[in-house]
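Heads up, the thing below is written out as structure tokens.
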Amino acid sequence: MSKMIKVGMADANVCITPDALTTLGLGSCVGIVLYDPVKKIAGLAHIMLPDSTKIINNANKYKFADTGIDKLIEDMTKIGAGRANLVAKIAGGAQMFSFSNNLEMMRIGDRNVEATKEKLNSLRIKILAEDTGENYGRTIEFYPETGKLHIRSVGKEQKIL
Amino acid sequence: MSELNLNGMDNMQYDVLREIGNIGAGNATTALSQMINSKIDMKVPKVELLEFREVSEIVGGAENNVLGILFTLGVDIDGMMMFMMEKSASRHMVNLLLGEGQDTLDEDDKDNNNTKKEIDDKEFTEMELSALNEIGNIIAGAYLSSLSSLTNLTITSSIPYMAIDMAGAILSVPAIEFGKIGDKALMIETEFGNFEKALNGYFLLIPTLDSYTAILTSLGL
């Protein structure tokens with residue numbers, strides 16, 4: 001029996017096929033899927049903020065794009081994923097409200113996406129697909145068996161990346 | 001009372017915050033009830049200290065299609081206030097306010113998921129969106145003015161910002177603000193509604209940590 005493993009906000013999880021990973025209702029947060037296509041091992045982190053060095057209280061590593069990705073790679077190699085095999089798919093980083101007077105709050109989704117890409121680039125992990133930005137929430141599911149990322153949004157057709 | 005420690009809050013502090021929810025939401029509920037000329041009840045407020053991974057589940061599940069109206073707070077209290085309803089309930093409420101199609105959810109349809117889905121899929125018109133914003137404005141005003149007179153603090157709110165989407169996605173916005181200062185979110189949550197008419201929703205008051213301290217200090221704690 002395959003399991004669907006849930007990942008909450010500022011949280012992460014890993015799985016081996018036939019299990020799959022999901023995170024529900026991604027808003028301005030970013031869902032980062034790392035995947036080893038050879039071993040069919042996947043990891044999913046649901047990060048909330050771009051940069052751990054800008055925040056004093058940074059105990060929870062999965063809260064940030066930078067430390068979240070590092071920790072996720074660590075978790076995945078622990079269960080047998082090959083560091084050199086890893087590729088990425090990312091989704092989220094929406095702007096849920098159109099704040100007119102607060103630029104910093106308005107851009108948090110974009111900044112999360114930028115920070116995620118920067119970090120993945122610096123680690124030379126290729127981003128195979130992304131569905132980011134815009135102004136709507138996303139529920140994502142990742143299946144290591146197929147390597148496909150399924151994305152659902154309210155009132156939209158399901159996307160498969 | 002100097003600093004509020006989220007993990008070490010005592011019962012007295014919880015009680016006071018619950019009472020703030022009671023008074024604020026009580027006023028807001030009265031305002032709402034008068035506006036739509038329909039009976040509105042409220043439940044006992046919950047003061048919850050949540051891990052982020054639990055936050056998106058509070059309003060009926062992360063994927064629940066909801067209307068969220070968000071206000072940022074200013075002057076003596078920083079933070080956010082949010083008014084959330086299931087989309088079907090907000091449709092029903094706007095119909096009551098504008099006096100159109102009052103039977104959107106009649107007795108037979110209540111358990112009929114198709115009907116609920118149809119209501120969910122129907123887009124709001126400009127007029128309806130503006131009416132919902134106004135509902136948000138009035139009830140947030142009622143909530144905050146009672147909080148302000150109770151604490152003698154000056155509290156202002158921004159214009160309403162609205163989104164209709166998955167509850168988890170909407171709640172990520174206040175959660176991120178909390179994420180900047182800690183690993184948990186403290187919120188005062190009050191469920192209100194006409195439970196027979198599927199009109200229920202939530203008021204969430206989400207002050208920053210410093211503002212909790214300001215509120216408690218102002219009340220002599």
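Take the residues in segment A:121-161 that are more than 14 Å from chain B (Cβ to nearest Cβ), outside any loop (DSSP other than H, G, I, E, B) and of a type in the set (S, T, Y), then tell me which one is farthest from A:V14 (Cα to Cα). Selected residue: A:S122.
When segment B:128-162 is limited to residues that are within 21 Å of B:T208 (Cβ to Cβ) and at the interface with chain A (Cβ under 10 Å from one of its Cβ atoms), the one that is surrounded by the fewest Cβ atoms within 10 Å (Cβ to Cβ) turns out to be B:I159.
The residue pairs whose first member lies in segment B:178-196 and is away from chain A (no Cβ under 14 Å) and at positive phi, whose second member is modelled with pLDDT of 80 or more and surrounded by fewer than 19 Cβ atoms within 10 Å (Cβ to Cβ), and whose beta carbons are closer than 7 Å, counting only pairs six or more residues apart or on different chains, are B:G193/B:D41. Within segment B:40-59, residues that are basic (K, R) have Cβ atoms under 7 Å from residues that are open to solvent by less than 60 Å² (accessible area, probe 1.4 Å) and part of a strand (DSSP E or B) in these pairs: B:K43/B:T190; B:K43/B:E191; B:K46/B:E189; B:R53/A:D11, counting only partners at least 6 apart in sequence or on another chain.
When A:M96 is tested against (1) over 14 Å from A:D36 (Cα atoms); (2) out of contact with any strand residue (DSSP E or B) (no Cβ under 7 Å at 6 or more places or on another chain), only condition (2) is not met.
Would you tally the residues in segment B:134-173 being within 23 Å of A:S28 (Cβ to Cβ), touching a strand residue (DSSP E or B) at 6+ places or on another chain (Cβ under 6 Å) and part of a helix (DSSP H, G or I)?
Total meeting the criteria: 6.
Here B:T115 meets each of (1) assigned to a strand (DSSP E or B); (2) at pLDDT below 85; (3) farther than 24 Å from A:K63 by Cβ with one exception, condition (1).
Name the residues in segment A:1-20 that are within 14 Å of chain B (Cβ to nearest Cβ) and either more than 22 Å from A:G80 (Cβ to Cβ) or in a strand (DSSP E or B) (or both), would you?
A:M4, A:I5, A:K6, A:G8, A:M9, A:A10, A:D11, A:A12, A:N13
Within segment B:35-51, one or more residues are touching a Lys or Arg at 6+ places or on another chain (Cβ under 8 Å), open to solvent by 30 Å² or more (accessible area, probe 1.4 Å) and β-branched (V, I, T). Filtering segment B:61-87 to residues that are more than 9 Å from every other protein chain (Cβ to nearest Cβ), within 28 Å of B:L219 (Cα to Cα) and open to solvent by 20 Å² or more (accessible area, probe 1.4 Å) leaves B:V75, B:D76, B:D78.
On the stretch given as segment A:107-140, residues that are open to solvent by less than 60 Å² (accessible area, probe 1.4 Å), of a type in the set (G, A, S) and more than 14 Å from the chain's Cα centre (by Cα) total 0.
The values are calculated or read from the model by the stated rules, or taken from the named source; none is laboratory data. Note that this is a predicted model, so its numbers are computed, not measured. In this analysis, Cβ positions are derived from the backbone assuming ideal geometry, glycine residues included, and neighbour counts consider all displayed protein chains. Ligands, DNA and RNA are stripped out before the accessible areas are found, and what is left, the full protein with its side chains, is counted by its heavy atoms. Shrake-Rupley method; radii C 1.70, N 1.55, O 1.52, S 1.80 Å.
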